[in-house]
1. When you check Ala8 against the structure, is it farther than 26 Å from Leu158 by Cα, among the aliphatic types (A, V, I, L, M) and modelled with pLDDT under 75, yes or no?
2. Applying the selection to segment 124-145, what residues are assigned to a loop (DSSP other than H, G, I, E, B) and either touching a residue at least 12 places away in the same chain (Cβ under 8 Å) or under 15 Å from the mean Cα position of the chain (by Cα) (or both)?
3. Can you pull out the residues in segment 71-120 that are among the polar types (S, T, N, Q) and modelled with pLDDT of 90 or more?
4. Please go through segment 47-68 and pick out each residue that is surrounded by 13 or more Cβ atoms within 10 Å (Cβ to Cβ) and at pLDDT 85 or above.
5. So the check is Cβ under 7 Å with 6+ separation or different chains; which pairs have a first residue in segment 49-71 that's within 12 Å of Asp89 (Cβ to Cβ) and a second one that's among the small types (Gly, Ala, Ser) and surrounded by 10 or more Cβ atoms within 10 Å (Cβ to Cβ)?
6. Any residue that is within 24 Å of Pro35 (Cα to Cα) and surrounded by 15 or more Cβ atoms within 10 Å (Cβ to Cβ) - is there at least one of those in segment 135-155?
7. Out of the residues in segment 156-166 that are loosely packed, with under 15 Cβ neighbours inside 10 Å and in contact (Cβ under 8 Å) with a residue 60 or more places away in the chain, which is farthest from Val118 (Cα to Cα)?
8. Just one of the numbered conditions (1) on the phi > 0 side of the Ramachandran plot; (2) over 15 Å from the mean Cα position of the chain (by Cα); (3) in contact (Cβ under 8 Å) with a residue 40 or more places away in the chain is not true of Asp93; which one?
Amino acid sequence: MSNRRGGAERSSIESAHEAQVAQKKFGVNRTIRLPNCVTQIYAAVEELERLYPGRKFTSDGHLVGSIGEVIAKEAFGLTLYPPSYEKHDAFDDNGDVQIKMTAGDRVSMYDERDRPIVLKLVSPQEAEVIYFGPGKPVWESAGRKQKNGQRTISVSNLRKLEAERL
């Protein structure tokens, strides 16, 4: 499903080239510097957890997902679909992309996506590119469907898939 809705077309050959260079640059275990405003969010979480030991201030759900989407957009030259777009978050000249970001050790999915990008928050300043490639091996390596209809795959398994792919 490579529809480009909402007038969001790639603007130039140069942008496409930059996206390809970024894709090659961020292979296994590469990091992306987070924007200052995102760094401040995660620094505030760390400070709250320091001030209130034992209490977790996790940034879950939409916040992490949206941060992951804009980080991937900037790092890989993607064009984002409108929020809540069906199945994929963005696209480039090579097709649709699903973006996942986690601070944990796994990600969840409802079904196979064309090209998933998986990012892991490694510090308040950086996210690691864990996987960016075909969706089929990710889906085939994911665990059994859970009660909520999702399957999960660990970050360590995604790293292995990325290493095999490169």
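1. Against the criterion (farther than 26 Å from Leu158 by Cα, among the aliphatic types (A, V, I, L, M) and modelled with pLDDT under 75), Ala8 qualifies.
2. Those that are assigned to a loop (DSSP other than H, G, I, E, B) and either touching a residue at least 12 places away in the same chain (Cβ under 8 Å) or under 15 Å from the mean Cα position of the chain (by Cα) (or both): Pro124, Gln125, Gly133, Pro134, Ala142.
3. Those that are among the polar types (S, T, N, Q) and modelled with pLDDT of 90 or more: Thr79, Asn94, Gln98, Thr102, Ser108.
4. Once the filter is applied, which keeps residues that are surrounded by 13 or more Cβ atoms within 10 Å (Cβ to Cβ) and at pLDDT 85 or above, segment 47-68 yields Glu49, Val64, Gly65, Ser66, Ile67, Gly68.
5. Hits for this filter: Glu69/Ala90; Ile71/Ala127.
6. Within segment 135-155, one or more residues are within 24 Å of Pro35 (Cα to Cα) and surrounded by 15 or more Cβ atoms within 10 Å (Cβ to Cβ).
7. In this case the residue turns out to be Leu166.
8. The number of the failed condition is (1).
The values are calculated or read from the model by the stated rules, or taken from the named source; none is laboratory data. Just so we're clear, the structure is a prediction, and the values are computed from it rather than from any experiment. Methodologically, a virtual Cβ is constructed for each residue, glycine included, from the backbone with ideal geometry; neighbour enumeration extends over all protein chains shown.
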